[in-house]
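Q: So that we are looking at the same thing, I have put the structure below in structure tokens.
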Amino acid sequence: MSGAAGGGGGSSCQGAAAAASCSSAGTPYAAAAGGGAGVAGRLPARVLEHVFSYLELSDLMRCTLVCWHWNNILADENSEVWRSLCNRSLSDESMRSDILCNLPTYRGKLKAYQYALSSHDCSRNVYVKKNGFTLHRNPIAQSTDGARGKIGFTEGRHAWEIWWEGPLGTVAVIGLATKRASMQCQGYLALLGSDDQSWGWNLVDNNLLHNGEVNGNFPQCNNAPKYQIGERIRVILDMDDKTLAFERGFEFLGIAFRGLPKACLFPAVSAVYGNTEVTMVYLGKPLDG
């Protein structure tokens, strides 16, 4: 797996990435197309698809900004261009398994990898498996260990799925963290939500956690069911309304946190059980209704 789609560094913020992409206006990419009137802008779609199939994700994103013709060709998210990049960037395991089953397009699968849990922004006691999406916690005693997503958010609406593929232990938390939140601590604690830089839902006892305090139970109903291993939880972040909500299956569980800060917030998880595994898949903009 080349890792070309996801980047090799630590976590970054979406706002910065978007600004970098937009800066391609006025570069040789735009000049070559001449706003669609140049030679490159008039090449047949089949020829352009063949050329595009050799490019990496960052180059393809710039190409979408060159002219309408290029953007229209790359708008087909199941084209040979995106399929070729998927095959080069994603592992065989992730493509063959059901990890990405809720993402019907090749471009969607690539974006999920781009936004996956970071192997560089996590506790030293965890690692991301070769599939690129699953976090494995090593059996280290008296330690709570977490990881952030590769990309954080400052605006827009975003959804991702998280599921545990092993025992939860005494604490298993999903939620959000700023870049300043710690991803490791001594003891078995609810790491996410232990300070003012993170917000978490402990799937073991259904407590909501922030700033070291319990903010009530979630979901807010009598005899709320406990999390079952393998069950996919959908996390919905609305940076415009500053809210964090959760879904289980096709059931909307409600808004867990309101009044989130105007900061770059990252998907995050924390775990305590040895050899447990947690998978996160970014889905994109949540569907309304």
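Q: Give me, ordered by chain and number, the residues 5 or more places off ALA116 or on other chains with an amide H under 5 Å from its own placed amide H.
A: The list, which skips near neighbours in sequence, is LYS150.
Q: Next up: So what is the diffusion coefficient of the range 181-230 in µm² per second by Stokes-Einstein at 37 °C and 0.692 mPa s, using a Kirkwood Rh over Cα pairs? Could the numbers behind the result be given before it?
A: Working: Rh = 11.6 Å.
Translational diffusion coefficient: 283 µm²/s.
Q: With the crude spin-label approximation of a point 7 Å out along Cα→Cβ, what separation in nm comes out for SER58 versus MET95?
A: For SER58 paired with MET95, the spin-label model returns 2.3 nm.
Q: Follow-up question, since we're still on this one. Determine ³J(HN,Hα), in whole Hz, for all residues of the range 174-181 in sequence, where each value follows from phi through the Karplus function 6.51 cos²θ - 1.76 cosθ + 1.60 and θ = phi - 60°; x replaces Gly and Pro.
A: Residue by residue, the range 174-181 yields 10, x, 10, 8, 7, 5, 7, 5 Hz.
Q: Given a 1.4 Å probe and the protein chains all in place, what does the accessible area of ASP240 round to, in Å² to the nearest 10?
A: 100
Q: Which Cα, out of SER119, LEU168, THR154, lies furthest along the positive dipole direction of the range 118-284 (beta carbon charges, K/R +1, D/E -1)?
A: My answer, from the dipole projection, is SER119.
Q: What does the convex hull of the Cα atoms of the range 111-224 come to per residue, in Å³, rounded to a whole number?
A: Roughly 122 Å³ of hull volume per residue.
Q: Report, largest value first, the span of the C-alpha coordinates of the chain along each principal axis, in whole Å.
A: 64, 37, 33
Q: Ranked highest first by average number of other Cβ atoms within 10 Å, how do 227-238, 170-181 line up?
A: The densest-packed peptide leads the list: 170-181, 227-238.
Q: Here is a further query. Using the C-alpha gyration tensor of the range 145-279, what are the square roots of 5 times its eigenvalues, in whole angstrom, with the largest one first?
A: Semi-axes (√(5λ), whole Å): 20, 18, 14.
Q: Report the residues of the range 230-244 in range of a label on ASN215: point 7 Å along Cα→C-beta, backbone N strictly under 16 Å from it.
A: Answer for this model: 235-244.
Q: Kindly provide the pair-distance distribution of the range 40-160 built from C-alpha pairs, with 10 Å bins from 0 and whole-percent values in order of increasing distance.
A: Here the calculated profile for the range 40-160 is 12, 35, 31, 15, 5, 1, 0.
Q: Further question: Leaving out ligands, DNA and RNA, and with a 1.4 Å probe, what % of the accessible surface on the chain is carbon or sulfur?
A: Ligands and nucleic acids excluded, carbon and sulfur give 51 percent.
Q: Sticking with this structure for a sec: List the residues whose amide H sits under 5 Å from the amide H of GLU165, counting only those 5 or more places along or on another chain, with H placed 1.01 Å from N in the peptide plane.
A: GLU277, VAL278, THR279
Q: Here is a follow-up. Just want to confirm a number: the relative contact order over the chain, from Cα pairs under 8 angstrom separated by 6+ residues, in percent.
A: 21
Q: Please report the projected area of the range 131-183's Cα convex hull averaged over all directions, in nm².
A: Across all orientations, the range 131-183 yields a mean hull projection of 4.9 nm².
Q: Non-local amide H neighbours of VAL204 (under 5 Å, H modeled in plane, Pro and chain starts lacking H): which ones?
A: Sorted by chain and number, the residues that satisfy this are ALA172.
Q: Something else about it: Please compute one quarter of the surface area of the Cα convex hull for the range 41-89 and express it in square nanometres.
A: Taking the Cα atoms of the range 41-89, their convex hull projects to 2.9 nm² on average.
Q: Moving on. Per residue, how much accessible surface does the chain expose to a 1.4 Å probe? Answer in Å², no decimals.
A: 46
The values are calculated or read from the model by the stated rules, or taken from the named source; none is laboratory data. This is a predicted model, so every value here is computed, not measured. Don't worry about glycine lacking a Cβ; one is built from the backbone with ideal geometry, like all the others, and counts go over all protein chains shown. Ligands, DNA and RNA are stripped out before the accessible areas are found, and what is left, the full protein with its side chains, is counted by its heavy atoms. Shrake-Rupley method; radii C 1.70, N 1.55, O 1.52, S 1.80 Å.
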